[in-house]
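See below for the structure under consideration.
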Amino acid sequence: MHFTSNRIDAPHLARLVEISVTLNSTLELEPLLHNILTTAAELLDCEKASILLYNEKRGDLSFMSATGSDAGQLAEIPVPLEGSLAGTIFLTGEPLIINDVSKDPRHFGAVGAKTGFQTRALLGVPMRRRGQTTGVLEALNKHSGDFSNGDADVLAVVASQAAVAIHNAQLVQALQRAHAELTRVHKIKSNFMALATHELRTPLAIITSYAEFLQQDAQGTASSHAARVLEAALRQRAIIESMTNMNLLQLGRVDLKLAPLSLQELLHRAWAEECGGAQAKQLRVDWSLPAEVAQVTGDAEHLPLVFKNIFNNAIRFTPSGGKIHVSLDSGPSEARVTVRDSGVGIPAGELTNIFKDYYQVEDHMTRRHGGLGLGLAIARGIVQLHGGRIWAESAGPNRGATVSIMLPRMLDVRSP
């Protein structure tokens, strides 16, 4: 049977325009379903309206909602595609008018038996989105007279708009669920990180103290062993500190205590803590710092971590005998620190990824360089808190890398 919108009269067309605005302004699923069903029943002057959607897992139709019915009760009634009126509408993709369902063997009586509602007449139309049938919209028991082709045209317009609106609302619901799950997982991770770092600090402090004591008093091989224990303990302490800093940044709990700071002093202080690794690998370090003090407004505790992490990264990824160049350029409003190395380089597709939390360019099963992948992520977080920018450049693998930090000379931000 073929239907045409020419059979829709002016009052119904005006009402359909209003409905279109309403449906497209609602993204909450329950109110949306209520609007669709109430509208359908009102326009067609019928007792009930219902929506059935295709269930891909079971291969049948499921009631999503119906006027005046318990949605949970209806959801428990699967409607087969074969041998049912709704299934026929879904499979053929064509509207169907049955003004006396008692004479049609396809009438699915299980619904009436479950709900106590007696269906006498039915008008159903397919719900389509992007050319694909997704469900069926039904109108039941017209109050006066029979369902007509004009009624079918009206219901088809509602069904077309409803299919898109329901899909959009379901997408929003899925996003909300995903966001809630991510929030829950993030909270669990943050709590674990805080607990783990707290629990590890005390035994590690004891190990470090004993190692220092043994190193001072022991001689020969024992002293060498104590030094190795101390080195491992200090490395573990650095990892714990990185995890703690990353957790605080993610939770927004880093409080900046801003004061005028000399960038030259910060760079030398940070290098003093990391230079042991450079000396062990016999790296050559060149400095290009201006004689005039380059002053920025920053946090004396957190800003040095930026340079420590960048130095550490350059040292780890530069082979023995390589070079590291540190430069500082200061302008009227910004100061730029650049750390360039002759190391393994960075593939073009990884230049932004290296600033992500726990990200490693190398595969975890085959990588040759240590670390958790937190150093640059921490540097990025602290630089951003200071109103600055950080980025990386590289000509490609084995061609070195350059990390640049741009900081405002006079910072006017509030701590989060």
Under 5 Å from the placed amide H of residue 335, counting only residues 5+ away or on other chains, we find 407, 409
Whole-Hz Karplus couplings 3J(HN,Hα) for the range 334-345, θ = phi - 60° and coefficients 6.51, -1.76, 1.60, Gly and Pro as x, run 9, 10, 10, 9, 10, 10, 10, 10, 10, x, 6, x
Residue separation between residue 356 and residue 295 times 0.36 nm, minus their alpha-carbon distance, gives in nm 19.1 nm
Residues meeting the amide H criterion for residue 127 (H placed from the backbone, H to H distance under 5 Å, 5 or more places apart or on another chain) are 134, 135, 136, 137
FRET efficiency (residue 334, residue 57; Cβ distance; R0 51 Å; to 0.05) is 0.35
Taking 0.36 nm per residue of separation between residue 285 and residue 34 and subtracting their Cα-Cα distance, the length gained on full extension comes to 83.3 nm
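Kindly identify the range 63-174 as rounded, prolate or oblate by the Cα gyration tensor criterion: order the square roots of the eigenvalues as a ≥ b ≥ c, call it rounded if a/c is under 1.5, otherwise compare a/b with b/c, prolate if a/b is larger, else oblate.
Cα axes put the range 63-174 in the oblate bin.
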Judged on accessible area alone, 1.4 Å probe, highest first, 100, 329 line up as 329, 100
Expressed per residue, the solvent accessible area of the range 245-361 in Å² (1.4 Å probe) is about 48
In the neighbourhood of residue 283 defined by beta carbon distances under 14 Å, the net charge of the other residues (Lys, Arg +1; Asp, Glu -1) is +2
So, with points 7 Å from each Cα along the Cβ direction, the residue 182-residue 132 label distance in nm works out to 2.4
Links exceeding 30 Å between C-alpha atoms in this model, out of 257/356; 57/187; 187/281; 57/114; 57/142; 257/323, come to 57/187; 187/281; 57/142; 257/323
Going residue by residue through the range 303-312, the Karplus relation 6.51 cos²θ - 1.76 cosθ + 1.60 with θ = phi - 60° gives ³J(HN,Hα) values, rounded to whole Hz and with x marking Gly or Pro, of 4, x, 4, 4, 6, 4, 5, 5, 4, 4
Going residue by residue through the range 109-125, the Karplus relation 6.51 cos²θ - 1.76 cosθ + 1.60 with θ = phi - 60° gives ³J(HN,Hα) values, rounded to whole Hz and with x marking Gly or Pro, of x, 4, 5, x, 5, 7, 9, x, 9, 9, 8, 9, 9, 9, 10, x, 9
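The values are calculated or read from the model by the stated rules, or taken from the named source; none is laboratory data. All figures in this text were calculated on a predicted structure; none of them were measured in a lab. No Cβ is skipped: glycine too gets one built from the backbone with ideal geometry, and neighbour counts run over all protein chains shown. Just the protein is used for accessible areas: all its heavy atoms, side chains included, with ligands, DNA and RNA removed. Shrake-Rupley method; radii C 1.70, N 1.55, O 1.52, S 1.80 Å.
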